[in-house]
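Q: Can you read through this structure? Questions will come right after.
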Amino acid sequence: MKHTKSIIAIITTIGLVFSSTASIGMVKSTLNKGNDISSFDIVITAEDDIYGLQFDILYDTDELEFVECTNLMTQYSFNYKEKDNGVIRGLLFSLDGVAIVSANGVANMIEMEFKSVNNFSGASYVEFSDVILAGTHGQEILTSVSGFEVNFGGNNIPTITSLSKNYPNPFNPTTQIPFSLAEPGFVSAVIYNINGAEVKTLVSGYRDAGEYMITWKGLNNDGASVASGRYILKMNAPQYTDSITMTLLK
């Protein structure tokens, strides 16, 4: 407990010294844990090493009941508590002073699980508040955040197939690309350079309907790092074709 209090004190008093940038968001973790339970992962992408994370999660208690948080990075210490009604505070850190996320890395850090209240059906918005990321020497890292819709009713299958923009963008060298499938079938997601030459096949095969996340680490099909520049990801799915442009900056 003394270690926890010390880390909280360090993170909450580092002031307004900013170093680099990062983003924190949520992705669907489990497609089906029953009609009244939904879970998602908290995901961080960062340009610099991350040594500590503190955050509040806000949710509507008329629609959602918080079930539990699970640490997906078991080599590090994680604590959480119900700060107020509808507010969960979490803290993830290393007692050994080791980075919990390396520079230019992507990490699924924490799984959160919610249950519907009184057979609530529909989408309930969960959001971040008071997010603090601590970098090297305690600098606070400027962070962009995005919330998440927790859906209940039916089997939580997306109503439309879609390809979302990658984040971060520009990136170096790792980025994430979310997509949704309203129906099962063969899916391909291929990256091309601006000259139309294939660079990397990320997905090629059958996928069930649901929410997905692809990670591209800036490598080609041979495992070699690609050069800085613009790249195009083309996705094909049943009755669906779309593309996005991504920028790699080194």
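Taken together, the values in this text are just the output of simple stated rules run on the coordinates, not laboratory data. Since the model is a prediction, treat every value here as computed from it, not as a measurement. Here the Cβ positions follow ideal geometry from the backbone for every residue, glycine too, while neighbour counts run over all protein chains shown.
Q: Could you grab the relative contact order for the chain? Cα pairs under 8 Å, six or more apart, rounded to a whole percent.
A: Details: 623 pairs, mean separation 48.9, N = 250.
Computed value for the chain: 20 percent relative contact order.
Q: May I ask you to order 48-56, 136-144 by the average number of other C-beta atoms within 10 Å around their residues, highest value first?
A: Working: 48-56: 22.6, 136-144: 16.3.
So the order, starting with the most tightly packed, is 48-56, 136-144.
Q: Output ³J(HN,Hα) for region 208-218: one whole-Hz value per residue in order, computed from phi by the Karplus curve 6.51 cos²θ - 1.76 cosθ + 1.60 with θ = phi - 60°, and x for Gly and Pro.
A: These are the phi-based 3J(HN,Hα) values: 6, 5, x, 9, 9, 9, 9, 10, 10, 9, x Hz.
Q: Could you tell me which residue out of G205, S144, V126 lies farthest along the dipole of the chain toward its positive end? Charges go on the beta carbon: Lys and Arg +1, Asp and Glu -1, centred on the Cα centre.
A: G205
Q: Now for a different question. What residues qualify as long-range amide H neighbours of D242, i.e. H under 5 Å apart, gap of 5 or more or another chain, H built at 1.01 Å from N?
A: M235
Q: How high is the relative contact order of region 162-248, given as a whole-number percent (alpha carbon pairs under 8 Å, six or more residues apart)?
A: Values: 198 pairs, mean separation 29.5, N = 87.
Computed over region 162-248, the figure is 34 percent.
Q: Which one, I88, I57, I194, has the greatest fluctuation when you compute a Gaussian network model over the chain with C-alpha springs under 10 angstrom?
A: The residue that fluctuates most here is I194.
Q: Taking amide H positions as placed in the peptide plane 1.01 Å from N, state which residues far from V131 in sequence (5 or more) or on other chains have amide H under 5 Å from it.
A: Correct list: D56.
Q: Take the cross-link list K28/K250; K81/K115; K165/K234 and give me the ones stretching past 21 Å between alpha-carbons.
A: Working: K28/K250 30 Å; K81/K115 17 Å; K165/K234 12 Å.
Listed pairs above 21 Å: K28/K250.
Q: At a 10 angstrom cut-off on C-beta neighbours, averaged per residue, how do the peptides 177-184, 226-233 rank from highest to lowest? Please list the in-between numbers first.
A: On the way: 177-184: 18.8, 226-233: 15.5.
Highest-to-lowest ranking by the protection proxy: 177-184, 226-233.
Q: If I model a spin label as a point 7 Å beyond the Cα along the Cα-Cβ vector, how far apart are those points for A197 and Q75 in nm?
A: Output for this residue pair reads 3.7 nm.
Q: Now for a different question. So if the hydrodynamic radius of the chain is defined as the Kirkwood radius over C-alpha pairs, what does Stokes-Einstein give as its diffusion coefficient at 20 °C and 1.002 mPa s, in µm² per second? If you can, show how the numbers build up before the last one.
A: Working: Rh = 19.4 Å.
In µm²/s, the coefficient rounds to 111.
Q: Moving on to the next point. For region 21-116, what's the relative contact order in percent, using C-alpha pairs closer than 8 Å and at least 6 residues apart? Display every interim value, and only then the final one.
A: Numbers: 205 pairs, mean separation 38.9, N = 96.
RCO, region 21-116: 41 percent.
Q: Hey, another quick one. Given a Förster radius of 41 Å and the C-beta distance between I232 and V98 as r, what FRET efficiency does 1/(1 + (r/R0)^6) yield to the nearest 0.05?
A: Working: r = 37 Å, r/R0 = 0.91.
Plugging the Cβ-Cβ distance into 1/(1 + (r/R0)^6) gives 0.65.
Q: Can you order the peptides 197-204, 89-96 by their average number of other Cβ atoms within 10 Å per residue, highest first? Intermediate values should be presented prior to the final figure.
A: Values: 197-204: 14.2, 89-96: 18.0.
Per-residue mean Cβ counts within 10 Å order the peptides as 89-96, 197-204.
Q: Could you work out the helix-only [θ] at 222 nm for the chain, with each DSSP H run of four or more residues adding -39,500 (n - 2.57) and the total divided by the number of residues, to the nearest 500 deg cm²/dmol?
A: Details: 1 runs with 11 residues, N = 250.
Calculated at 222 nm, the ellipticity per residue is -1500 deg cm²/dmol.
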